[in-house]
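Presented below is the structure to which this report refers.
The values are calculated or read from the model by the stated rules, or taken from the named source; none is laboratory data. All values reported here derive from a predicted model rather than from experimental measurement. Cβ sites come from the backbone with ideal geometry, for glycine too, and all protein chains shown count toward neighbours. Areas reflect the complete protein model, heavy atoms only, side chains present, ligands, DNA and RNA absent. Shrake-Rupley method; radii C 1.70, N 1.55, O 1.52, S 1.80 Å.
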Amino acid sequence: MQELADRALNAAQLAGATYADARVVESRSQLVEVKNRRPSALQESASLGLGVRVIVDGAWGFAASASADMAEAERCAALACRIARASARFRLQPVVLSPLAPHRATWQTPLTRDPFEVSLADKIDLLVRTTGAMQTEKAITVAQAGLHFWEERKLFASSEGARIEQRIVHSGAGLCAYARDQNDLQWRSYPNSFGGQYESAGWELVERLDLPGHAAETAATAAALLTAPQCPAGERSIILDGPQMSLQIHESCGHPTELDRVLGHEANFAGPRS
């Protein structure tokens with residue numbers, strides 16, 4: 001990442017930039033899922049991208065690439081400079097940068113245990129034990145559990161000498177039990193919906209959630225819903241926990257105030273409103 005950034009900065013300055021900065025982002029992710037004690041999904045991906053920003057003739061120019069290598073670093077720098085020169089023809093006044101001194105810093109998500117250093121065998125074993133505990137409930141037809149981890153390594157470097165590195169790690173874990181009888185299908189998840197709980201944290205999140213320890217209770221609740229009476233109609237006082245309250249605010253307040261709806265031309269998964 002350092003070599004890519006240096007090559008981009010050097011190429012930009014040789015092409016006439018009075019200022020240049022480069023951002024290099026390397027990311028990877030891992031998804032592990034087990035269904036009914038059998039692995040059902042294992043996905044791993046990685047990517048590397050580069051963005052170059054320059055000032056030439058007092059105007060900004062930018063170019064980026066999703067296939068970063070030394071040649072691409074030079075190409076992006078040259079393209080950013082050409083765009084800046086074209087933009088300079090229409091600028092009203094030259095760009096003036098802040099007089100702040102360049103910084104050098106490094107930051108990483110605080111981790112007790114790096115999730116990418118935990119073996120795949122240990123991850124699958126945890127999920128197998130979790131789904132097995134859910135299957136002790138006879139009404140459960142599908143017992144599913146999953147883990148999801150991803151990280152981003154970011155480098156910012158400027159021609160003024162700034163060097164800022166970051167490593168941001170996210171972890172997530174959750175389970176879901178599906179119960180069925182002749183007339184109904186019910187499900188229950190833990191610790192919440194949408195695949196589980198996600199935080200900027202390491203493997204310690206998975207340990208804190210204790211999926212195997214909550215599997216049987218979650219399965220029993222799903223099974224109980226099959227024979228539970230229907231919620232009575234009418235006005236009632238209800239108590240919402242944190243996850244449900246955040247979802248309610250998202251749906252009832254967030255979506256109605258989106259700009260496309262305010263302006264009367266809503267666009268969603270079904271397409272724009274005619």
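Going through segment 1-32 one residue at a time, which ones are over 14 Å from I164 (Cβ atoms), surrounded by fewer than 21 Cβ atoms within 10 Å (Cβ to Cβ) and of a type outside the set (D, E, K, R)?
N10, Q13, L14, A15, G16, T18, Y19, S27, S29, Q30, L31
Need the failing condition index for A73 against (1) open to solvent by less than 30 Å² (accessible area, probe 1.4 Å); (2) touching an Asp or Glu at 6+ places or on another chain (Cβ under 6 Å), just the number.
Of the numbered conditions (1) open to solvent by less than 30 Å² (accessible area, probe 1.4 Å); (2) touching an Asp or Glu at 6+ places or on another chain (Cβ under 6 Å), the odd one out for A73 is (2).
Being at positive phi and in contact with a strand residue (DSSP E or B) (Cβ under 6 Å, 6 or more places away or on another chain) is the filter here; which residues of segment 152-166 pass it?
Looking only at segment 152-166, we keep the residues that are at positive phi, and these are 161.
Matches in segment 152-166: none.
With the requirement that a residue be open to solvent by 100 Å² or more (accessible area, probe 1.4 Å) and in a strand (DSSP E or B), what does segment 76-108 give you?
Result: R104, T106, W107.
Starting from segment 93-106, keep only residues that are of a type in the set (A, V, I, L, M) and modelled with pLDDT of 90 or more, then list their pairs with residues that are part of a loop (DSSP other than H, G, I, E, B) and surrounded by 10 or more Cβ atoms within 10 Å (Cβ to Cβ) whose Cβ atoms are within a distance under 8 Å, requiring at least 6 positions of separation or different chains.
What qualifies is V95/G58.
For segment 197-215, indicate whether the set of residues that are in contact (Cβ under 8 Å) with a residue 12 or more places away in the chain and over 30 Å from Q108 (Cα atoms) is non-empty.
Taking every residue of segment 197-215 in turn, at least one turns out to be in contact (Cβ under 8 Å) with a residue 12 or more places away in the chain and over 30 Å from Q108 (Cα atoms).
Return the residue satisfying two criteria in turn: it lies in segment 119-175 and is of a type in the set (S, T, N, Q) and buried (at least 21 other Cβ atoms within 10 Å of the Cβ), and of such residues it is nearest to A77 (Cα to Cα). Spell out the reasoning first.
Residues of segment 119-175 of a type in the set (S, T, N, Q): 119, 130-131, 135-136, 141, 144, 158-159, 166, 171.
If we keep only those that are buried (at least 21 other Cβ atoms within 10 Å of the Cβ) as well, we get 130-131, 144, 171.
On the way: T130: 51, T131: 51, Q144: 48, S171: 35 Å.
Across segment 119-175, the extreme among qualifying residues is S171.
Could you figure out which of (1) open to solvent by less than 60 Å² (accessible area, probe 1.4 Å); (2) more than 29 Å from D21 (Cβ to Cβ); (3) of a type outside the set (D, E, K, R) isn't true of T112?
The failed condition is (1).
Output the number of residues of segment 182-216 satisfying the condition of being assigned to a helix (DSSP H, G or I), touching a strand residue (DSSP E or B) at 6+ places or on another chain (Cβ under 7 Å) and open to solvent by less than 50 Å² (accessible area, probe 1.4 Å). First the steps, then the outcome.
Within segment 182-216, the subset assigned to a helix (DSSP H, G or I) is 204-209, 211-216.
Restricting the remaining residues to those that are touching a strand residue (DSSP E or B) at 6+ places or on another chain (Cβ under 7 Å) gives 205-206, 209, 211, 214-215.
Now drop any that are not open to solvent by less than 50 Å² (accessible area, probe 1.4 Å), which leaves 205-206, 209, 211, 215.
Residues in segment 182-216 being assigned to a helix (DSSP H, G or I), touching a strand residue (DSSP E or B) at 6+ places or on another chain (Cβ under 7 Å) and open to solvent by less than 50 Å² (accessible area, probe 1.4 Å): 5 in total.
Every residue in segment 65-124 that is among the polar types (S, T, N, Q) and touching a Lys or Arg at 6+ places or on another chain (Cβ under 9 Å), please. First the steps, then the outcome.
Of all residues in segment 65-124, those among the polar types (S, T, N, Q) come to 65, 67, 87, 93, 98, 106, 108-109, 112, 119.
Hits for segment 65-124 are S65, T106, Q108, T109.
Checking the condition of a type in the set (A, V, I, L, M), surrounded by fewer than 18 Cβ atoms within 10 Å (Cβ to Cβ), without any contact (Cβ under 8 Å) to a residue 40 or more places away in the chain and assigned to a strand (DSSP E or B), which residue from A41, A46, A63 passes?
On the way: A41 fails: without any contact (Cβ under 8 Å) to a residue 40 or more places away in the chain; A63 fails: surrounded by fewer than 18 Cβ atoms within 10 Å (Cβ to Cβ).
Exactly one residue qualifies, and that residue is A46.
Could you list, ordered by first residue, the pairs with Cβ atoms under 8 Å in which the first is in segment 136-153 and under 19 Å from P212 (Cβ atoms) and the second is modelled with pLDDT under 95 and crowded, with 21+ Cβ neighbours inside 10 Å, at least 6 apart or interchain?
Sorted first by the residue in segment 136-153, then by its partner, the pairs are G146/G196; H148/G196.
Looking at segment 218-258, which of the residues that are assigned to a loop (DSSP other than H, G, I, E, B) and under 31 Å from the mean Cα position of the chain (by Cα) is farthest from A133 (Cα to Cα)? Reasoning before the result, please.
Step one: filter segment 218-258 for residues assigned to a loop (DSSP other than H, G, I, E, B), giving 226-241, 258.
Filter again for under 31 Å from the mean Cα position of the chain (by Cα), leaving 239-241, 258.
On the way: I239: 29, L240: 28, D241: 26, E258: 43 Å.
Per the criteria, the residue is E258.
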